[in-house]
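The values are calculated or read from the model by the stated rules, or taken from the named source; none is laboratory data. Please read these numbers as outputs of a predicted model, since none were measured by experiment. Here the Cβ is made from the backbone with ideal geometry for all residues, glycine too, and neighbour counts use every protein chain on show. These accessible areas exclude ligands, DNA and RNA; they are computed on the full protein's heavy atoms, side chains included. Shrake-Rupley method; radii C 1.70, N 1.55, O 1.52, S 1.80 Å.
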Amino acid sequence: MNCQQILEEIYLQSKSLPIIGNIAKTIPELANVNPDKFGICLTSIDGNVFSVGDSNEKFSIQSVSKALSVTLAFSHFGEKIWERVGVEPSGNPFNSLVQLEYEKGIPRNPFINAGALVIADMLVSCLEHPKEEFLHFIREISGCDTIKYNLKVAQSEKDTGFRNAALTNFLKSFGNINNDVDQVLDFYFHQCAVEMTCKELANAFFFLANEGISKNGKQILTSSQAKRINALMQTCGFYDESGEFTYKVGLPGKSGIGGGIAAVLPKQFSVATWNPRLNEKGNSELGMYALEQLTTKTGMSIF
């Protein structure tokens, strides 16, 4: 199978589509990105890398980071993390307060904002220098020591993060935030403001395609834990569009409002796409189309 040729075909097909979707406006700094940027990178399990377009340009990974933060928390706390956050699809917008009240402060899953904030609280509790150690973790699994936080994006998130502040305080009222609210929010805003390229992101997610072992051979999670993270990405990785992504693409994955998507086919490959134009659910239009075409053209999905 000629992966490079397939990616090039998908890239050309995607670029010829009518312009649809809008760039994220909830975080002002993200609105400064060129909406026509588009890249794809695939890393096969045997270490080969194939890429097209703007795959070496850095972008804010936003909620794609939630799959990495829950991985780090899982490696520290094991199954105990599920005492404070669930593993069920939400079926609601990612920043919903209503569901959190109904379910008494236990978020449905770690990929909606409330769940990611609980995971952030866990990391603030167990890491001596949370922001530095989380960045070190991402650099380690991606094999790139130049990955940084975009401080302008982090500040922009802080300046407009009223709903996330409300969620954190709400969680605190239920006893599901142990640390200072501002400290948890600061870590969360920086976590989402990590900048990576498609290539770096595909490499970072390699361990989820490789039974928990990173591209540099380090055991990040057990194979059982990696299976569970993949299951969560399959059912919850695209918020209330997770079913649609499963139906069209058939890969475990995680999206972010920066326009990035990372996905894996266990024992085969990890892949990342980026285009900032989002659909009404907050997922990249071109990214979803490209990944649908990838599994269609290759015949490779979990189904």
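Some points to look at:
- A straight Cα-to-Cα reach below 24 Å connects Lys148 with the lysines Lys25, Lys37, Lys58, Lys66, Lys131, Lys158, Lys199, Lys215, Lys218, Lys254, residues fewer than 8 places away in its own chain not being considered.
- Alpha-carbon centroid distance for the pair the range 9-24 / the range 238-303, whole angstrom: 14 Å
- A 1.4 Å probe run over the protein chains yields, for the range 1-147, 46 Å² of accessible area per residue, whole-number rounding.
- GNM result for the chain, Cα springs below 10 Å: residue of Ala226, Ala262, Ala202 fluctuating most strongly: Ala226
- Heavy-atom surface analysis with a 1.4 Å probe gives the chain a carbon and sulfur content of 50 percent of its accessible area.
- Cα gyration tensor shape for the range 76-166, rounded if a/c is under 1.5, else prolate or oblate: oblate
- Cα shape, the range 1-67, gyration tensor, a/c 1.5 rule: oblate
- Three-way shape label, the range 181-303, alpha-carbon gyration tensor, a/c 1.5: oblate
- The sum of -39500 (n - 2.57) across all DSSP H runs of n ≥ 4, divided by the residue count of the chain, sets its helix-only mean residue ellipticity at 222 nm to -13500 deg cm²/dmol.
- When the chain is treated as a GNM with alpha-carbon contacts under 10 Å, the residue of Ser63, Ser242, Ser224 showing the greatest mean-square fluctuation is Ser224.
- Think of the range 55-145 as having a plus end and a minus end, set by charges on the Cβ of Lys, Arg, Asp and Glu; of Thr71, Phe134, Phe59, Phe59 sits farthest toward the positive end of this dipole.
- When its C-alpha radius of gyration is set against 2.2 N^0.38 Å (N residues), the range 1-141 gives a value of 1.29.
- Selection among Leu117, Asn203, Leu171 by position relative to the dipole of the chain gives Asn203 as farthest towards the positive end (Cβ unit charges, Cα centre).
- The value of relative contact order for the range 212-303, using C-alpha pairs under 8 Å at least six residues apart, is 21 percent.
- Relative contact order (%) - criterion: Cα under 8 Å, at least six apart; region: the chain: 27 percent
- Normalised by the number of residues in the range 100-258, the mean separation of alpha-carbon contacts (under 8 Å, six or more apart) gives a relative contact order of 23 percent.
- Counted charge near Thr146, where neighbours are those whose Cβ lies closer than 14 Å (Asp, Glu -1; Lys, Arg +1): -1
- Kirkwood-type radius of the chain, with distances r between different C-alpha atoms, in Å: 18.8 Å
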